[in-house]
Amino acid sequence: LDGGNTFGTRLSLPSFPKLSLSYLVSGESFFPFKEQIPVLRVRLAYGQAGRQPGPTDRLRLYGATTPTFVDGHVVDAVELETLGNTKLEPERSTEIEGGFDADLFDDRLTLSFTGYRKTTRDAMLEVPLAPSVYGSAAVLKNIGVIRNSGLEASIGAQPIRTDRLTWGFQLAVRQQRNEVVELGTGVGPF
């Protein structure tokens with residue numbers, strides 16, 4: 001459960017469940033390659049996370065302008081700096097990922113692979129307002145759906161391992177795709 005007064009006035013305590021599983025396949029009696037692959041682990045995880053708005057994102061804030069002289073008098077003015085949004089809710093990201101880790105040949109070679117897909121709903125995006133409404137202001141709203149997906153793979157090796165010297169290297173590659181799936185009803189690209 002998570003909560004805070006930055007979520008706005010309509011929200012109680014949102015929950016963000018998580019679950020992860022890991023299975024050591026190489027620890028089973030039926031696994032035929034124990035000598036070559038002493039560790040083979042498969043893993044799967046599901047989880048949700050939230051992101052709070054900033055401490056002042058729900059507040060309408062005003063600021064003083066530079067004093068000016070009008071007819072010999074100093075005139076102070078106040079202008080709108082931040083419109084605020086009391087209806088903000090947390091972003092909610094839901095992610096599922098899976099993969100495996102393997103140690104081969106007395107841990108001289110390690111392999112790892114992970115694939116994931118994350119969808120963020122109620123993404124907080126700054127929506128510009130018409131200049132005729134509030135000057136050049138923008139308001140933070142929960143309108144977006146964003147999807148991230150990707151693959152991560154790595155290979156590590158220790159070709160030299162003696163009492164006096166160990167030399168190893170690791171190579172990792174990642175591919176990621178980010179996509180704005182929707183911006184909400186009636187909201188065009190900006």
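The values are calculated or read from the model by the stated rules, or taken from the named source; none is laboratory data. As the structure is a prediction and not an experimental result, all values here were calculated from the model. Cβ atoms come from the backbone with ideal geometry, glycine included; neighbour counts cover every protein chain shown. The accessibility values were calculated without ligands, DNA or RNA, using every heavy atom of the protein model including side chains. Shrake-Rupley method; radii C 1.70, N 1.55, O 1.52, S 1.80 Å.
Couple of notes before you dig in:
- Spherically averaged projected area of the convex hull of Cα atoms, the chain: 19.6 nm².
- Probe 1.4 Å - accessible area at LYS18, Å² to nearest ten: 140
- Summed residue charge, Cβ within 10 Å of ARG117's Cβ, Lys/Arg positive, Asp/Glu negative: +1
- A probe of 1.4 angstrom, applied to the heavy atoms of all protein chains, finds ARG92 with accessible area near 70 square angstrom.
- By accessible area with a 1.4 Å probe, ligands and nucleic acids excluded, highest first: order of ASP122, ASP76: ASP76, ASP122
- From its DSSP helices (H runs of at least four residues, each -39,500 (n - 2.57)), the chain gives a residue-normalised ellipticity at 222 nm of -500 deg cm²/dmol.
- Between the beta carbons of SER132 and ASP76, assuming R0 = 25 Å, the FRET efficiency works out to 0.50 to the nearest 0.05.
- Reachable lysines, given that their alpha-carbon falls under 21 Å from the alpha-carbon of LYS87 and they are not under 8 places away in the same chain: LYS141
- Positive-end residue of LEU19, SER112, PHE31, charge dipole of region 11-118 with Cβ unit charges: PHE31
- Estimated at 0.36 nm per residue, the fully extended path between LEU151 and TYR23 surpasses their Cα-Cα distance by 44.1 nm.
- Per residue solvent-accessible surface (Å²) - the chain, probe of 1.4 Å: 68
- Gain on full stretching of the segment that runs from THR94 to ASP2 - 0.36 nm per residue minus C-alpha separation: 31.6 nm
- Counting only residues at least eight positions apart within a chain, or on another chain, the lysines with an alpha carbon under 22 Å from that of LYS18 are LYS118.
- Heavy-atom surface analysis with a 1.4 Å probe gives region 58-190 a carbon and sulfur content of 53 percent of its accessible area.
- With the whole protein complex present, LEU80 retains an accessible surface near 50 Å², based on a 1.4 Å probe.
- Length-normalised contact order for the chain - Cα pairs under 8 Å, 6+ apart - percent: 17
- Gain upon complete extension [GLU179, ASP107; 0.36 nm per residue less C-alpha separation]: 22.1 nm
- Ratio of Rg to Rh for region 79-129: 1.39 [Cα atoms; Kirkwood radius as inverse mean 1/r over pairs].
- Distance from region 8-64 to region 80-108 (C-alpha centre basis), Å: 7
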